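Q: Quick one: the structure is below, and I'll ask about it shortly.
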Amino acid sequence: MKIVFLDAATLGDTSLQPIEALGELVTYPVSSPEEALGRVGDCEVLIVNKVKVTEDLIKRAPRLRLVCEAATGVNNIDLEACKRRGIAVKNVAGYSTESVVQQTWMHILSLACNGPYFDGRVKSGEYSRNGLFTDLTKPFIELAGKTIGIIGMGAIGTRVAEVAKCFGMKVIYYSTSGTSHCKTYPSVSLEELMRESDVISIHAPLNERTNGLVGEKELAMMKPTAFIVNMGRGGIIDEKALADAIDRDAIGGAALDVFVNEPIPEGNPLLHTSHPEKLRFTPHTAWASVEARNRLVEAIAGNIYSHSIVAGGFEEMS
């Protein structure tokens, strides 16, 4: 069985041995659209993360029987074209939940406790020269008794809420689908969430309901001390509006793991605010703990193996 992975660099140094055990695996660190067209000619299984699987690419792969998405979202795959050709598409859900939850709380705690500032005070020698046993030059807050508003109460949002309760926080949420399935916590309107929350944490997919969901109007509703964290998709927050809110000192701070364009362009206004100390960034890494990437590879291998059984076995596995 010929397996081609077009953008294997997206998984870093994670071992692909579980996939290699199923057939001949050919990997490419990255593939431009043009390069991809020339790399799929004899593959039966195609693995992609961000590479677009278009109808043109599918036409170049006459033996293709399975497309494996090395992630949860499949918006980079032309599903209709695959369906017309009888090509199965399989993604992986749930592999990164704990990783994203942990990174979410890293950002929330960093904002609430001013972690980088105090770390810098010690490393710069300012603490040593201070003359006091403590350094109170910048205040930090307790989360106990504060309200966290979660946008998107799916598996990740639910785990974020569970951790919030451990800190003694009140939890409210906004359902981006319009269906409030979770009965554990109060479901509120987006306006109420923006106005009442001390911390806002976004864990929603990007779709017609969430694209541009948090813009200038919504940011203006926030408390001047509140933080907003986006671990969902970049397009959910209007980046220019967020940069303006930071510049005007209108909100307490923000943390982003995702951006409209990735990697973030050097000219993005978020990289040029007058209050960079109020921002925390990670380069779309919340999903990517060592354990999560290993689970992802195991799940991709499982998808390939299970499809080969259901389909009666690929030639090399028969």
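The values are calculated or read from the model by the stated rules, or taken from the named source; none is laboratory data. What you see is a predicted model, and the numbers here were worked out from it, not measured in a lab. Cβ: placed from backbone, ideal geometry, glycine included. Neighbour counts: every protein chain shown. Accessible surface is based on the protein model in full, side chains and every heavy atom, while ligands, DNA and RNA are left aside. Shrake-Rupley method; radii C 1.70, N 1.55, O 1.52, S 1.80 Å.
Q: Below 8 Å, C-alpha to C-alpha, sequence gap of six or more: please give me the relative contact order for the stretch 1-129 in percent. Mind showing how you got there, number by number?
A: Details: 174 pairs, mean separation 24.4, N = 129.
Value for the stretch 1-129: 19 percent.
Q: Top to bottom by accessible area (1.4 Å), largest first, where do Phe118, Phe167 land?
A: Sorted descending by solvent-accessible area, the residues read Phe167, Phe118.
Q: If you don't mind, another one. Are any of the pairs Lys52/Lys183; Lys52/Lys217; Lys165/Lys223; Lys50/Lys146; Lys2/Lys52; Lys50/Lys123 more than 31 Å apart by Cα-Cα distance, and if so, which?
A: Over 31 Å Cα-Cα: Lys52/Lys183; Lys52/Lys217; Lys50/Lys146; Lys50/Lys123.
Q: With r defined as the distance between the Cβ atoms of Arg209 and Ser32 and R0 fixed at 35 Å, what FRET efficiency is calculated, to the nearest 0.05?
A: Rounded to the nearest 0.05, the efficiency is 0.65.
Q: Counting only protein chains, not ligands or nucleic acids, how are Glu162, Glu142 ordered by accessible area (probe 1.4 Å), most first?
A: The residues order as Glu142, Glu162, largest area first.
Q: Can I ask one more? Starting from the Kirkwood radius over alpha-carbon pairs of the stretch 135-227, derive D by Stokes-Einstein at 10 °C in a medium of 1.306 mPa s and give it in µm² s⁻¹.
A: This corresponds to a translational diffusion coefficient of 115 µm²/s.
Q: Compute the semi-axes of the equivalent ellipsoid of the stretch 26-114, taking the square root of 5 times each eigenvalue of the Cα gyration tensor, and list them largest first in whole Å.
A: The answer is 34, 14, 10 Å, longest axis first.
Q: When ranked by the protection proxy of mean other Cβ atoms within 10 Å per residue, highest first, what sequence do the peptides 179-185, 35-41 form?
A: Highest mean packing first, the order is 35-41, 179-185.
Q: Also, quick follow-up: Over the chain, what per residue volume does the convex hull of the Cα atoms give, in whole Å³? Before the final figure, lay out the partial values.
A: On the way: hull volume 50.5 nm³, N = 318.
Given the Cα convex hull of the chain, per-residue volume reads 159 Å³.
Q: Also, quick follow-up: Hey, with R₀ at 45 Å, roughly what FRET efficiency would Val122 and Thr184 work out to, going by the Cβ-Cβ distance, to 0.05?
A: 0.65
Q: May I pose another question? Share of the chain's accessible area from carbon and sulfur, percent, 1.4 Å?
A: Its accessible area is 53 percent carbon and sulfur atoms.
Q: Would you compute, from DSSP H runs of 4+ residues alone, the mean residue ellipticity of the chain at 222 nm, taking -39500 (n - 2.57) per run and dividing by the full residue count, rounded to the nearest 500?
A: -9500 deg cm²/dmol
Q: Quick one: compute the contact order of the chain, relative version, from alpha carbon pairs under 8 angstrom and 6+ residues apart, as a percent.
A: Worked out over the chain, it gives 17 percent.
Q: Still on this structure, I have one more. With every protein chain left in place, what is the accessible area per residue of the stretch 1-43 in square angstrom, probe 1.4 Å?
A: Details: 1970 Å² over 43 residues.
Each residue of the stretch 1-43 exposes 46 Å² on average to a 1.4 Å probe.
Q: At a Förster radius of 22 Å, what calculated FRET efficiency corresponds to the Cβ-Cβ distance of Lys217 and His272, to the nearest 0.05?
A: That gives a FRET efficiency of 0.40.
Q: Okay, moving on. Where only protein heavy atoms count, and the probe is 1.4 Å, what is the accessible area per residue for the stretch 65-224 in Å²?
A: Accessible area per residue, the stretch 65-224: 52 Å².
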